[in-house]
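Chemist: Before anything else, here's the structure in question.
The values are calculated or read from the model by the stated rules, or taken from the named source; none is laboratory data. These numbers come from a predicted model, not from an experiment. Here the Cβ positions follow ideal geometry from the backbone for every residue, glycine too, while neighbour counts run over all protein chains shown. Only protein heavy atoms, including side chains, enter the accessible area calculation; ligands, DNA and RNA are left aside. Shrake-Rupley method; radii C 1.70, N 1.55, O 1.52, S 1.80 Å.
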Amino acid sequence: MTDIITEQATAAASGAAATEQFRAKQRAETADVDTKRVDTLVSELLTAAHDIIRRHKVTYAEYDVLKSWLIQVGEDGEWPLFLDVWLEHVVEEVASENREGSKGTIEGPYYISDAPQLPAEAKLPMRENEEGTPLLFRGQVTNVVGTPLAGALVEIWHADNDGYYSQFAPGLPEWNLRGAVVADDQGNFRIHTIEPAPYQIPTDGSCGRLIAAAGWHAWRPAHLHLKVSAPGHQLITTQLYFKGDEHVGDDIASAVKPELILDPGPAVNADGREVTYDFVLDKA
Ligand code: DHB
Ligand code: FE
């Protein structure tokens, strides 16, 4: 056990776990890989790259650096991390452009389905002395005209006080800070957890090398991840952030929206803080 606990979180280990997780996941719809669509998308992507090479007179030395970096991203298993940090936010923007209900944002690489089911008022699985400010996160799930969605499912997962996700960093209990909360007959839920810490994408792998080479920073603001669903309604994948967080204005993954920033107050009759956030789901 001690060995596991002292083992360091590495980009290669979390990248490998994220890659494995992505491969195991089944999306509801599979993409239509129509020849014409592939031709259009890939041709335009390559044309954009050709234009950049011409405009900036990219050298053979630079081309070789790119080639070796791309090879390394694959070897490190960091493609899920790279894509979810630098591309997913635009895919999400397009996917949700006609939605009326609550805002969504990127899923990121660390969702695991089938977390333990919990009742409408529940404490997330956590270690006995889990570090971090206690947080009561509560709210209601309704449709777009305000009708409560009884029994809506509120799946939540987030990093711990050190910025680590269970099942992707070593030494954490399997379902630490992950749960699937079933709302009551009024769509209400009350989730007792701790506030996550800001998250730094792994700096010791190829994404980290890119960040250092470009002089960027590796931070995401602290966030709760959620998937909220109810029969007959569109599932929403989102994240919620905390007002005052240093990185709310410069998220490396560009996933913050003003509607997603929480402003918790002191908890009533308890330690820590509490906040209410209601979810509005569009019809399927
Ligand atoms: C990444 C990690 C996250 O926790 C997240 O929410 C989004 C992206 C990443 O490392 O790619
Ligand atoms: Fe995250």
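Chemist: Roughly to the nearest percent, how much of the accessible area of the chain is carbon and sulfur, given a 1.4 Å probe?
Modeler: Values: 8630 of 15990 Å².
The nonpolar share, carbon plus sulfur, comes to 54 percent.
Chemist: Assuming a ≥ b ≥ c are the square roots of the Cα gyration tensor eigenvalues, decide whether the stretch 165-224 counts as rounded (a/c under 1.5), prolate (otherwise, with a/b larger than b/c) or oblate.
Modeler: Numbers: a/c = 3.74, a/b = 2.23, b/c = 1.67.
Cα axes put the stretch 165-224 in the prolate bin.
Chemist: For T276 and K36, calculate 0.36 nm times their separation in residues minus their Cα-Cα distance, and state this gained length in nm to one decimal.
Modeler: My answer for the length gained is 81.7 nm.
Chemist: Still on this structure: Of the options H217, F279, V248, report the single residue whose Cα projects farthest towards the positive end of the charge dipole of the stretch 216-284 (beta-carbon charges: Lys, Arg +1; Asp, Glu -1).
Modeler: F279
Chemist: Something else about it: To the nearest 20 debye, what is the magnitude of the charge dipole of the chain about its Cα centre, counting +1 on the Cβ of each Lys and Arg and -1 on the Cβ of each Asp and Glu? Let's see the in-between values first.
Modeler: On the way: 23 positive and 44 negative charges, 103 e Å.
Value, rounded to 20: 500 debye.
Chemist: Might you tell me the accessible area per residue for the stretch 156-284, computed with a 1.4 Å probe and given in Å²? It would help to have the intermediate numbers written out before the result.
Modeler: Numbers: 5350 Å² over 129 residues.
Counting only protein heavy atoms, the per-residue value for the stretch 156-284 is 41 Å².
Chemist: A further question on this structure: Computed on alpha carbon atoms, what radius of gyration and Dmax characterise the stretch 64-111, expressed in Å?
Modeler: Calculated on Cα positions, Rg and Dmax stand at 14.4, 46 Å.
Chemist: Another question, then. Going through the stretch 33-133, which trypsin sites (Lys or Arg not before Pro) have at most 13 other Cβ atoms within 10 Å and a DSSP loop state?
Modeler: K57, R127
Chemist: Please build a GNM for the chain, connecting alpha carbons under 10 Å apart, and tell me which residue among T238, T203, T47 fluctuates the most.
Modeler: Evaluated over the chain, the most mobile residue of the options is T47.
Chemist: Do you know the Lys pair count in the chain for C-alpha distances under 18 Å, with sequence separation 8 or more or different chains?
Modeler: Total qualifying Lys-Lys pairs in the chain comes to 10.
Chemist: Quick one: if you stick a label point 7 Å off each Cα along the C-beta vector at W216 and L87, how many nm between them?
Modeler: 1.4 nm
Chemist: Pick from E88, E121, E97: which residue has the top mean-square fluctuation in a GNM of the chain where Cα pairs under 10 Å get a spring?
Modeler: Maximum among the listed residues: E97.
Chemist: How big is Rg to Rh over the stretch 121-228, alpha-carbon atoms, Rh as the Kirkwood inverse-mean-distance radius?
Modeler: We get a ratio of 1.08 for the stretch 121-228.
Chemist: Once the principal axes of the Cα atoms of the chain are found, what is the range along each, listed largest first in whole angstroms?
Modeler: The Cα atoms of the chain stretch 65, 49, 34 Å along the principal axes, largest first.
Chemist: Now for a different question. Roughly speaking, what is the stretch gain from I261 to Y60, that is 0.36 nm per residue apart minus the C-alpha to C-alpha distance, in nm to one decimal?
Modeler: Working: separation 201, 0.36 × 201 = 72.36 nm, distance 4.48 nm.
Fully extending the segment from I261 to Y60 adds 67.9 nm.
Chemist: Now, a different point. Taking the Cα-to-Cβ direction at E44 and at N98 and moving 7 Å from each Cα, how far apart do the two end points lie in nm?
Modeler: Those two pseudo-labels are separated by 1.8 nm.
Chemist: Sticking with this structure for a sec: Apply 1/(1 + (r/R0)^6) to the Cβ-Cβ distance of E131 and K25, taking R0 = 35 Å, and write down the FRET efficiency to the nearest 0.05.
Modeler: Calculated transfer efficiency: 0.70.
Chemist: By how many nm would the segment from T10 to Q117 grow when fully extended, if each residue of separation counts as 0.36 nm and the alpha-carbon distance is taken off?
Modeler: Contour length minus the Cα-Cα distance gives 35.5 nm.
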